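See structure below.
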Amino acid sequence: MVALKNLRLVKPHKVDCRFLMCPYCQLQRCQVIQTGGLLVCQCPDCGAIPVDEVDRQAWTLDVDVLIRKLRVSLDISMQQATVAITTNMWQIGIHQRHPVILARSLDLVLQKPSLLGRVRNGATPWLLTPKPLRDQEDDPLAGAGFWLPLEERFALYGGQIRFIAPGTAPEVMPHDTTEAVNGPFSADFRWVHLGIDQPVIALTPAQAEVFRVLWQLGGQGLEGHMVMSRAELSSAKPIDVFKVQSQNKNKPEYEDPLRAYKTLVSVTRAGIYAMHCAAQKSH
């Protein structure tokens, strides 16, 4: 749950606190009463069990965030729109010419196979769903689509959702390239850590190059156009590659790199840019 909260894949959800799962056995849904100023769960098996604040918390999946992160993991262009096919089923884009469909359950599609027909464009749709608890045959869609169970084809890795391509063993994961090696940055500067309790932030190649140049300066300042020249970028100022366009407002994958830039980079009125945390590399 901690990993899901760090990835913002779940959000707080209001529940009816008059009935809760027993905090002790987690088997019975029981009535909650107030006695002596405390909330108590009346479990028929465990008796009166005090209810803590954490027992009253509930979480629900944030589908919008999940879709955005799945699109990033599949390199789906942001120009491609997400389209709702029906309740709890979405076309989230095109990957390698295959329409990519996300559904809350496999049964939803098995009960209404015509839903896949709405997105066929000559290529076999890819269907992403959680894996049912029951045993499931390898090709439940009988050729109408290619099923990718979320638990097997995607992994929480490096603060992001990673796509495990078909034919790749799910348990084989690459070396963790997100590890902080250069101060808060990974070895290739594509990842930055702002704190232990914060998720690692993914950077674009251009953003990584700006940070690389500033890190190599060892805390010394340099004019903005010189920073961009050393990074071999055409923009005039370092901030240009971190700006968030209006359609990407409030999206963490765009806002977080800008937050990292504002946290780590200082600029004077004379237009001198520096990253003071880089001074440690020379010590």
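Readers should treat all values here as calculations from the given coordinates under stated rules, not as data from a laboratory. In this text, all values refer to a predicted model and were calculated from it rather than measured experimentally. Neighbour counts run over all protein chains shown; Cβ positions are idealised from the backbone, glycine included.
State, to one decimal in nm, how far the label point of Asp52 lies from the label point of Tyr24, with both points 7 Å from Cα in the Cβ direction.
My value for the distance between the label points is 1.5 nm.
Suppose each label sits 7 Å from its Cα in the direction of the beta carbon; what would the Leu61-Thr177 distance come out to in nanometres?
Computed distance between label sites Leu61 and Thr177 equals 2.9 nm.
Among Lys112/Lys251; Lys131/Lys251; Lys112/Lys249; Lys11/Lys249; Lys131/Lys249; Lys69/Lys131, which pairs are too far apart, with a Cα-Cα distance over 30 Å?
Numbers: Lys112/Lys251 33 Å; Lys131/Lys251 28 Å; Lys112/Lys249 36 Å; Lys11/Lys249 19 Å; Lys131/Lys249 33 Å; Lys69/Lys131 19 Å.
Distance filter (> 30 Å) returns Lys112/Lys251; Lys112/Lys249; Lys131/Lys249.
Just in segment 64-156: which GluC sites (Glu not before Pro) are loop by DSSP and have at most 11 other Cβ atoms within 10 Å?
Numbers: sites: Glu137, Glu151, Glu152; in loops: Glu137.
Passing sites in segment 64-156 are Glu137.
Who wins for biggest fluctuation among Val213, Val51, Val200 in a Gaussian network model of the chain, springs between alpha carbons below 10 Å?
Val51
Taking the Cα centre of each part, how many Å lie between segment 214-245 and segment 57-86?
Going from one Cα centre to the other spans 32 Å.
Taking the alpha-carbon set of segment 191-282, what are its Rg and Dmax in Å?
12.9, 40
When the chain is treated as a GNM, springs tying every alpha-carbon pair under 10 Å, which of Leu20, Leu38, Leu66 comes out with the largest mean-square fluctuation?
Leu38
Between Ala123 and Ala187, how high is the FRET efficiency from 1/(1 + (r/R0)^6) when r is the Cβ-Cβ distance and R₀ = 45 Å? Nearest 0.05. Intermediate results must be reported in sequence, preceding the final value.
Details: r = 37 Å, r/R0 = 0.83.
About 0.75, to the nearest 0.05.
At 0.36 nm per residue, and after removing the present C-alpha to C-alpha distance, how many nm does the segment from Asp197 to Glu152 gain when stretched out fully?
Details: separation 45, 0.36 × 45 = 16.20 nm, distance 2.70 nm.
Additional length available on full extension: 13.5 nm.
Which of Asp52, Asp138, Asp188 moves the most in a Gaussian network model of the chain with Cα springs under 10 Å?
Comparing Asp52, Asp138, Asp188 in the GNM, the peak value goes to Asp52.
Of the listed values [x] 38, 26, 16; [y] 39, 36, 16; [z] 41, 30, 17, identify the label whose number matches semi-axes √(5λ) of the Cα gyration tensor in Å calculated from this model.
Read-out from the structure maps to [z].
Of all DSSP beta bridges in the chain, what percent run antiparallel (nearest 5)?
Working: 35 of 42 bridges.
Once the DSSP bridges in the chain are tallied, antiparallel ones form about 85 percent.
When you count, for each residue, the other Cβ atoms within 10 Å and take the mean per peptide, how do 221-229, 78-86 rank with the highest first?
Ranked from most to least packed, the peptides come out as 221-229, 78-86.
Tell me, what is the FRET efficiency for Arg134 and Lys243 to the nearest 0.05, using R0 = 45 angstrom and their Cβ-Cβ distance as r?
Working: r = 49 Å, r/R0 = 1.08.
With a Förster radius of 45 Å, E is 0.40.
Figure the gain on full extension for Leu110 and Ala236 (residue separation times 0.36 nm, minus the Cα-Cα span) and round it to one decimal in nm. Intermediate values should be presented prior to the final figure.
Values: separation 126, 0.36 × 126 = 45.36 nm, distance 5.38 nm.
Stretched fully, the Leu110-Ala236 segment lengthens by 40.0 nm.
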